[in-house]
Amino acid sequence: MTALYKRMGATRTSGLFSLLTSLAIIPLTACDTKVEERAPAQTALPPLPNSTAPPKDSIEGSRSPLQWDLAILEQVLMASGLNHVKAGMVRQPFLGDQGVIYRVDGAELQVFLYADAGAVARDTDLLDTTRVAPPTMQIRWRMPPTLIVDNNMVVILLTTDSALRRKIRAAIKNRREDNKQGAGSRTTRVLG
């Protein structure tokens, strides 16, 4: 590099040498520095007048007319002629939320309510539906289990009475059919 400077007429004491040296060093140091590129801020634009916006019920976080709560479940059970008694709280290690136990004509319903169907799917999609347990877990149920998943509700039904099992499943399914206007919601799945 010194030979190049001498050809250009620069000596160590001249200003041209200092200028050339600094110009040679600047690009080298610029290579070592990291430059952060920021994406432009995303702003939500209002929908165009003739656009097809998603229906209110399909927007995440909104309540569907088919959302379950304990009062609705109790109404459905009563309307189906099922005598029920709230018997306490329950936790299952593979379900994130705490549930409520109902005694229904000799059966036990463990009812778990979630914020939405997506949260239910995260807890139930990997379950072994025959055993109503994760594949790596062995649970000894007091009675044969049946898993019922409907929108934001998970029910673990424990009974040996197959007619009662059908009646409870039908009550939950009938509520779904009575409210068909709730398009976009998750359908009832009876497993096990």
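The values are calculated or read from the model by the stated rules, or taken from the named source; none is laboratory data. What you see is a predicted model; the values in this text were computed from it and never measured. Please note: Cβ atoms are built from the backbone with ideal geometry, for glycine as well, and neighbour counts cover all protein chains shown. All accessible areas refer to the heavy atoms of the entire protein, side chains included, with ligands and DNA or RNA removed. Shrake-Rupley method; radii C 1.70, N 1.55, O 1.52, S 1.80 Å.
Among residues of the stretch 97-115 that are surrounded by fewer than 20 Cβ atoms within 10 Å (Cβ to Cβ), those with a Cβ under 8 angstrom from a residue that is of a type in the set (Val, Ile, Thr) and not in a strand (DSSP E or B), sequence gap 6+ or separate chain, pair up as Gly106/Thr159; Glu108/Thr159. Screening Leu126 against (1) modelled with pLDDT under 95; (2) surrounded by 15 or more Cβ atoms within 10 Å (Cβ to Cβ); (3) among the aliphatic types (A, V, I, L, M) leaves a single unmet condition, (2).
Just one of the listed residues (Gly99, Gly88) is on the phi > 0 side of the Ramachandran plot and modelled with pLDDT of 95 or more, namely Gly88.
Within the stretch 79-89, the set of residues being of a type in the set (A, V, I, L, M) and open to solvent by 20 Å² or more (accessible area, probe 1.4 Å) comprises Ala79, Val85, Ala87, Met89. Of the residues in the stretch 161-179, at least one is modelled with pLDDT under 95 and part of a loop (DSSP other than H, G, I, E, B).
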